[in-house]
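The values are calculated or read from the model by the stated rules, or taken from the named source; none is laboratory data. Computed from a prediction, not measured in an experiment: that's the story for all the values here. No Cβ is skipped: glycine too gets one built from the backbone with ideal geometry, and neighbour counts run over all protein chains shown. These area figures cover heavy atoms from the full protein model, side chains too; ligands, DNA and RNA do not enter into them. Shrake-Rupley method; radii C 1.70, N 1.55, O 1.52, S 1.80 Å.
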Amino acid sequence: MKILALNGSPRLKGNTTLLIEKVLDSAQKNGDFEKEVISLAEKTISPCTGCYGCIEAKRCVINDDFHEVYAKIIGADAIILASPVYHSCITPYLKSVLDRAGFSSRWQQAEMKSKSESYSWGTSPLSGKVVAPITVARRAGQNFAIAELLLWASANDCLIVGNTYWNMAIAGKGGSIGIDEDPEGVNIMENLGLRIANLLAQLRK
C-alpha cells in the first residue's frame with residue numbers, strides 16, 4: 001500500500017518537510033508501505049479557473065503539472081496533506097491541487113443537470129482515500145487551516161484519520177527550522193503515523 005505526502009510549503013527543507021518525515025518514519029515502523037513525498041513548490045500548478053471544461057472532458061483541462069500529481073493521488077491509498085499556515089490558511093500550492101482534484105474528480109462520474117433537477121452525488125476517484133492533514137505555524141491560525149483540509153476530505157468521501165490531538169506543530173520565531181523544539185508536536189506526528197499504518201492494515205484485510 002502507498003502513502004503519498006503532498007508538501008504545500010514553499011521551503012523545500014522547512015518544518016513542514018520535517019513533520020512529514022516524522023509521520024512517514026512512524027508509519028514505516030508499523031507497516032510495510034511504499035511512500036512518496038511531492039513538493040508542490042517544485043511543480044507548476046495553476047489554480048482552478050471554474051471553466052467547467054472537466055464536465056465534458058472528464059478530466060481537468062488545464063495542462064500543467066497537476067495531472068502528474070493527480071495520478072499519484074489516485075494511485076495512493078493514504079494521502080498526507082501538509083501545509084504551513086499563512087494568514088490562517090493553507091498555501092496556494094496545496095489549495096490549487098485540492099480545488100482541481102476535488103472539482104474534476106466529482107465530474108468524472110457525473111453529468112451536469114438542468115436547473116430544474118437536483119443532484120444525487122455518487123462516488124468519485126477520491127472515495128475511500130485515507131487522508132491525514134498536517135499544519136505548522138508560528139502561533140495562531142492553525143484551526144482555520146486544518147479545517148480547510150478536513151472539510152475538503154469530508155466533502156470528497158475520504159476517510160479521515162483520527163489522532164490523540166490535532167495534527168499541528170509550533171514553529172520557532174523568525175522562520176527558524178527545527179520542530180524538535182516542539183516535542184509534543186513531534187509526538188503527535190509519530191502517533192499519526194501509527195494510526196495511518198493501523199487504518200491501512202485494517203483496510204487491507
Task: Of all residues in the range 148-170 being touching a Gly at 6+ places or on another chain (Cβ under 7 Å) and closer than 15 Å to residue 22 by Cβ, the one that is surrounded by the fewest Cβ atoms within 10 Å (Cβ to Cβ) - done: 170
- [ ] Would you check which residues across the range 31-40 are surrounded by 16 or more Cβ atoms within 10 Å (Cβ to Cβ) and more than 12 Å from residue 77 (Cβ to Cβ) and list them?
- [x] 38, 39, 40
Open item on the list: Give me the residue from the range 125-142 that is small (Gly, Ala, Ser) and more than 10 Å from the chain's Cα centre (by Cα) and, out of that set, surrounded by the most Cβ atoms within 10 Å (Cβ to Cβ).
Closed with: 137
Task: Of the criteria (1) under 30 Å from residue 205 (Cα atoms); (2) among the hydrophobic types (A, V, I, L, M, F, W, C); (3) part of a loop (DSSP other than H, G, I, E, B), which one residue 48 fails - done: (1)
TODO: Could you check, for the range 98-117, whether at least one of its residues is surrounded by 13 or more Cβ atoms within 10 Å (Cβ to Cβ), more than 12 Å from the chain's Cα centre (by Cα) and not in a helix (DSSP H, G or I)?
DONE: yes
Open item on the list: Of all residues being assigned to a loop (DSSP other than H, G, I, E, B) and more than 11 Å from the chain's Cα centre (by Cα) in the range 1-24, which is nearest to residue 193 (Cα to Cα)? Just the residue, please.
Closed with: 1
TODO: Return yes when residue 22 is of a type in the set (D, E, K, R) and within 23 Å of residue 181 (Cα to Cα) and no when it is not.
DONE: yes
Task: Residues being assigned to a loop (DSSP other than H, G, I, E, B), surrounded by 14 or more Cβ atoms within 10 Å (Cβ to Cβ) and not β-branched (Val, Ile, Thr) - total across the range 66-94 - done: 3
Open item on the list: Name the single residue that is farthest from residue 137 (Cα to Cα) among those in the range 179-189 being touching a Gly at 6+ places or on another chain (Cβ under 9 Å) and open to solvent by 20 Å² or more (accessible area, probe 1.4 Å).
Closed with: 181
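In the range 112-133, is there at least one residue being closer than 19 Å to residue 24 by Cα and not hydrophobic (A, V, I, L, M, F, W, C)?
Scanning the range 112-133 turns up at least one residue that is closer than 19 Å to residue 24 by Cα and not hydrophobic (A, V, I, L, M, F, W, C).
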- [ ] Determine whether the range 54-65 contains at least one residue that is in a helix (DSSP H, G or I), open to solvent by less than 30 Å² (accessible area, probe 1.4 Å) and either under 30 Å from residue 184 (Cα atoms) or in contact with a His (Cβ under 9 Å, 6 or more places away or on another chain) (or both).
- [x] no
- [ ] Return yes when residue 161 is farther than 22 Å from residue 102 by Cβ and either touching a Lys or Arg at 6+ places or on another chain (Cβ under 9 Å) or at pLDDT 95 or above (or both) and no when it is not.
- [x] no
